[in-house]
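What follows is a single structure, written as structure tokens, with notes after it.
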Amino acid sequence: MMLYKATSGVGINRYMTFDGVGTYKLHTSGANWTEAVRTCLHENAYLAIVNSKAESYVLQALMKWFMSSGDFAYLGFHDREEEGKYRTVFGLPLSYTGFETWTDGYPVGTNTFNCGCIHRSGGLCDHICNASIPFICEKFD
Ligand SMILES: [Ca+2]
């Protein structure tokens, strides 16, 4: 795993900036996916979208640092409208993000697993939408 240094805001449940990658906050208190979307918007951010391997490493690092248990954190994509057609919270196909590396065994791909997540191993995953799990907000540039 590559090392990324946070340049500001270091701490649990705070926005942390990683130069050249972005600014993120891992919410360690769980919420369902819809609540997670809303919470991020209230913070002038959005439920995180991974656009590169570097970004996946940063989000994975946040999980390793701040989540003592649990393997999943919600991200900003879903296939709630059409099974198997994953779209970001901005409505774009997942293929447009530039990062589509799924965790082994994912997506589960059933019509109850419709909300996107990142797995502790660094890959994408799908999850039921009404679970209460951590989530990651990403600041607008
Ligand atoms: Ca699904």
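The values are calculated or read from the model by the stated rules, or taken from the named source; none is laboratory data. Computed from a predicted model, the values in this text were never measured in an experiment. Neighbour counts are summed over all protein chains in view; Cβ atoms, including those assigned to glycine, are modelled from backbone coordinates with ideal geometry.
Just to be sure I understand, how many residues within the range 123-132 are part of a strand (DSSP E or B) and within 11 Å of the chain's Cα centre (by Cα)?
First pass over the range 123-132, keeping only residues part of a strand (DSSP E or B): 124-127.
Then keep just the ones that are within 11 Å of the chain's Cα centre (by Cα); that gives 124-126.
So the count comes out to 3.
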May I ask you to list the residues in the range 67-89 that are away from the ligand (no atom under 16 Å from the Cβ) and more than 14 Å from Cys137 (Cα to Cα)?
-> Met67, Ser68, Ser69, Gly70, Asp71
If you scan the range 91-122, which residues turn out to be assigned to a loop (DSSP other than H, G, I, E, B), touching a residue at least 12 places away in the same chain (Cβ under 8 Å) and more than 12 Å from the ligand (Cβ to nearest atom)?
-> Thr97, Gly98, Phe99, Glu100, Thr101, Thr103, Asp104, Arg120, Ser121, Gly122
Might you check whether a residue that is of a type outside the set (Phe, Trp, Tyr) and farther than 25 Å from Ala61 by Cβ occurs anywhere in the range 130-138?
-> yes
Just checking, which of Arg38, Arg120 is among the basic types (Lys, Arg) and in contact with a helix residue (DSSP H, G or I) (Cβ under 9 Å, 6 or more places away or on another chain)?
-> Arg120
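Could you identify the single residue in Glu138, Glu82 that is free of Cβ contacts under 8 Å to residues at least 40 places away in the same chain and acidic (Asp, Glu)?
Glu82
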State whether one or more residues within the range 77-86 are within 17 Å of Leu26 (Cα to Cα) and surrounded by 21 or more Cβ atoms within 10 Å (Cβ to Cβ).
-> yes
Count of the range 110-130 residues which are crowded, with 23+ Cβ neighbours inside 10 Å and either modelled with pLDDT under 95 or of a type in the set (Val, Ile, Thr) (or both) = 1
